[in-house]
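Trainee: Let me give you the structure first, and then I'll get to my questions.
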Amino acid sequence: MRLPLIAFATAIALTTGASAQSVPEPPIQSPQDAACREQARAQIFSYPNPNNLSLYDLGSQIWHLCMASYHGRGPNPGRTEQRF
């Protein structure tokens, strides 16, 4: 009686933990987007992280830097600062 209960509890713990950590990604928009996602995945554990960012935030930072290099002027070149 005890073994099936332990196996059931373990299965529930493993499935709920994995689904809580997965974040759905938006669809790939361009070849540059795909290349930058691959670069972020490849560098996530070797990239310097002096600000102690989470893995998600660090990957996002790597992706944004990569996309900025494709655009040449930064991530939002047409945006103007609006202050009230």
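Here, each number is a calculation from the coordinates, and none is a lab measurement. Worth saying up front: this structure is predicted, and the values here are computed from it rather than measured. Counting neighbours? That spans all protein chains shown, and the Cβs are built from the backbone with ideal geometry, glycine included.
Trainee: Pairs under 7 Å by beta carbon, first residue within 20 Å of L55 (Cβ to Cβ) in the range 28-41, partner aromatic (F, W, Y) and in a helix (DSSP H, G or I), six or more apart or different chains?
Mentor: Listed pairs, sorted by first residue: C36/W63; R37/W63; A40/W63.
Trainee: Can you name every residue in the range 47-60 that is polar (S, T, N, Q) and within 17 Å of P26 (Cβ to Cβ)?
Mentor: Hit for the range 47-60 is S60, nothing else.
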